[in-house]
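Nothing in this text is a laboratory measurement; each read-out follows from the coordinates by a stated rule. Because the structure is a prediction, the values reported are computed rather than measured. Glycine gets a Cβ as well: all are built from the backbone with ideal geometry, and neighbour counts include every protein chain shown.
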Amino acid sequence: MKVKHLYEVKSPNGPWYPFWAYDSRDAKRQYCKMRGLRPSDHWTGMSMLTARKVKR
């Protein structure tokens, strides 16, 4: 069973947004869905985002 972790996702000029996700890729996909972006877009998709796991 996979465990979800808390990730912070950020676009190049935006604030950090928290997401519960299985991995950083899942967190980035959730961010794209929230913002209405296409994950495969080279300029605004997942390749331009930064995701980091929040340590407790």
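Quick notes on this one:
- Filtering the range 1-29 to residues that are surrounded by 11 or more Cβ atoms within 10 Å (Cβ to Cβ), over 12 Å from MET46 (Cβ atoms) and among the basic types (Lys, Arg) leaves LYS4, LYS10.
- The range 10-33 residues that are among the polar types (S, T, N, Q), paired with ones that are surrounded by 12 or more Cβ atoms within 10 Å (Cβ to Cβ) (beta carbon under 7 Å, 6 or more apart): SER11/MET48; SER11/LEU49; SER24/TYR7; SER24/ALA51; GLN30/PHE19; GLN30/ALA21
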